[in-house]
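*Asks:* Supplied in structure tokens, the structure appears directly below.
Throughout, read-outs are computed from the coordinates displayed, never taken from laboratory work. Here the structure is a predicted model, which is why all the values come from computation and not from measurement. Here the Cβ positions follow ideal geometry from the backbone for every residue, glycine too, while neighbour counts run over all protein chains shown.
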Amino acid sequence: MSISPILPGSIADLKAQPAAHSAAVVLPLPLGRATPITGELICPPDKSVTHRSIIFAAMASGQSRIVSPLLGADCRSTIAVFRALGVQLELAAAAAGATNTQAELIVESKGWDQWQSPLVPLDFGNSGTTARLLTGVFAATPGLFATCFGDSSLSKRPMGRIVTPLRHIGAQIQGRSSGTLLPMAIAGQTLRPADHVIDKATAQVKSALLLAGLNISGRTNVRLPSGSRDHTERMLQSLGADVKVMHRDGLEDISVHGPFRPTGRTYRVPGDPSSAAFFAVLAAITQGEVKIHGVLDNKTRTGFIKVLTDMGAKIEQQPVDSSRELFLEPIMNLVITGGHTLSAVDTDPLQVATFIDEVPVLAVAALFATGTSRFAGLGELRVKESDRLAKIRELLTLAGGEAWIEGDDLVIKGHGGTDRPVHGFHFDPDQDHRLAMAAAILAKAATSPSHIKDPDCVDVSFPRFFTVLGTIG
Ligand code: S3P
């Protein structure tokens with residue numbers, strides 16, 4: 001078995017990766033399900049933790065180092081935004097042939113209070129995390145004025161969910177459609193402490209309000225349904241902020257006492273479970289064994305392991321001793337052994353937040369299972385990088401599957417145990433990175449070639465996805 005280095009060649013600068021493919025990637029040699037897939041890969045760095053590390057490093061006065069940052073397009077948007085505010089972010093020179101897991105981002109900041117108002121509009125690109133988290137931060141930065149915009153996908157995504165609570169505590173934000181959509185203009189103010197109540201398990205809204213709370217005198221509390229990723233509060237605790245976390249009756253209360261300023265430090269970014277999920281599913285629906293090294297081990301992110309295990313997949317979670325490596329959270333290796341019969345699953349709507357980004361590829365697994373699966377309570381998927389609910393249904397149908405939407409539920413009739421083949425397809429992922437990667441996994445297990453439009457969109461979260469897929473698959 002060989003270890004595939006992830007992201008070689010991305011060290012030199014922060015520009016987009018050279019296009020690996022043109023308008024469409026054709027996967028002319030589908031493996032079918034009988035081919036053994038065997039190999040090892042180092043999990044690409046986590047997108048959520050990279051964004052947050054950059055934000056905390058920019059808030060600190062002095063130098064911070066971010067070891068093995070994700071350099072996908074979304075995180076490059078966050079980097080470019082802080083550069084426009086006068087923060088210096090540079091990649092440390094790395095030895096020739098170094099892999100991304102050895103890259104280091106050096107951040108030099110004069111501190112949160114010294115950010116300059118940008119002279120140009122800030123481009124959030126495709127990144128919802130950049131848009132939501134930084135709107136909270138900028139709204140709470142007195143004296144800062146910023147205009148911001150995103151690409152055509154981000155411009156459709158709801159911003160009212162952060163603008164409304166922020167306005168409630170004194171934020172001055174103007175934007176298209178009464179401030180519910182980008183572009184927006186933010187004039188930073190001194191905001192008031194408050195108890196916020198959110199009706200969805202969303203880490204982006206929770207984090208935007210907690211980050212704003214770092215510059216508010218007094219305690220900011222956010223109450224929301226439990227389950228959303230908890231990196232913001234974990235990282236703040238490790239930075240020494242006064243953060244309280246309480247879980248009761250399916251709700252969580254997270255509060256922070258401001259003002260608080262992080263100090264410069266080293267962050268080491270663990271592997272992204274959302275990226276690992278593609279290869280976990282590929283291994284589970286075929287034969288052989290795949291080992292994924294260095295995956296973030298956090299229950300708010302690994303719901304997909306439970307879903308796959310409930311379906312009958314064999315996944316071993318091997319703890320890794322990372323205590324001396326400055327990871328802020330534990331990591332593990334995953335070993336997925338294929339060749340096991342998968343059965344249909346009914347997922348718990350209260351757990352959706354723990355596998356929200358993995359639904360596209362879990363739906364692919366369900367297509368190969370025996371019986372009819374139901375993924376309940378997926379309303380949020382309609383407002384992701386694309387309308388993922390509709391697009392997943394489209395993808396499965398194009399491949400010869402039967403899938404339909406009932407309210408906010410996705411129902412998938414599995415092909416397992418039938419003689420109906422999952423065949424090749426032509427699919428337009430609507431520039432949505434996770435749909436393109438889920439389609440590629442499906443294509444690998446199909447019986448005839450498939451075409452995926454605009455495959456370079458995977459650069460958002462997993463820049464060398466197709467290279468790794470070629471090595472493993
Ligand atoms: C993210 C939170 C999730 C997730 C997104 C990243 C984050 O969104 O879907 O990819 O880093 O906070 P929501 O919080 O809106 O569910």
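*Asks:* Are any of the pairs Lys47/Lys453; Lys156/Lys299; Lys244/Lys291 more than 28 Å apart by Cα-Cα distance, and if so, which?
*Replies:* Lys156/Lys299; Lys244/Lys291
*Asks:* Let me ask you something else. Grab the DSSP H runs of the chain that are 4 residues or longer, score each as -39,500 (n - 2.57), total them, divide by all residues and round the 222 nm result to the nearest 500 deg cm²/dmol.
*Replies:* That calculation yields -8500 deg cm²/dmol at 222 nm.
*Asks:* Take every DSSP beta bridge with both residues inside the chain and express the antiparallel ones as a percent of the total, to the nearest 5.
*Replies:* 70
*Asks:* Mind jotting down the distance between the C-alpha centroids of region 318-374 and region 396-411, whole Å?
*Replies:* 20
*Asks:* For region 47-267, take the alpha-carbon Rg, divide it by the Kirkwood Rh, and send me Rg/Rh.
*Replies:* 0.95
*Asks:* Shifting gears a bit: Set the Förster distance to 51 Å, then compute FRET efficiency between Gln63 and His426 from the Cβ-Cβ distance, nearest 0.05.
*Replies:* It comes out at approximately 0.55.
*Asks:* Suppose R0 equals 45 Å. What FRET efficiency, 1/(1 + (r/R0)^6) with r the Cβ-Cβ distance, do Thr341 and Arg382 give to the nearest 0.05?
*Replies:* 0.90
*Asks:* In straight Cα distance, which lysines are under 16 Å from Lys200, not counting same-chain residues fewer than 8 positions off?
*Replies:* Within the straight-line limit of under 16 Å, Lys200 reaches these lysines: Lys384.
*Asks:* Extension gain Thr372-Asp310, at 0.36 nm per residue separation less the Cα-Cα distance, in nm?
*Replies:* Value of the extension gain: 20.9 nm.
*Asks:* Taking Lys444 as the anchor, which aspartates and glutamates have their alpha carbon closer than 16 Å to its alpha carbon, excluding any fewer than eight residues away along the same chain?
*Replies:* Glu289
*Asks:* Report the full-extension gain for the segment Val320 to Thr35: residue separation times 0.36 nm, less the Cα-Cα distance, to one decimal in nm.
*Replies:* Full extension from Val320 to Thr35 adds 99.6 nm.
*Asks:* If you don't mind, there's one more thing I want to ask. Mind giving me the nanometre distance, one decimal, between the label points for Phe145 and Lys200, set 7 Å out from Cα along Cα→Cβ?
*Replies:* Label-label distance for Phe145 and Lys200, simple model: 3.2 nm.
*Asks:* So, in Å, what gap is there between the alpha-carbon centers of region 139-212 and region 36-58?
*Replies:* 26
*Asks:* Could you work out how far apart the two model spin labels at Asp242 and Arg219 are, taking each label as a point 7 Å from the Cα in the direction of the beta carbon, and quote it in nm?
*Replies:* 0.9
*Asks:* Going by average Cβ neighbours within 10 Å, how do the peptides 104-116, 201-213, 274-286, 240-252 rank, with the highest at the top?
*Replies:* 274-286, 201-213, 104-116, 240-252
*Asks:* What Kirkwood hydrodynamic radius do you get for the chain when you take the inverse of the mean 1/r over all pairs of distinct Cα atoms, in Å?
*Replies:* Evaluated over the chain, this radius sits at 22.5 Å.
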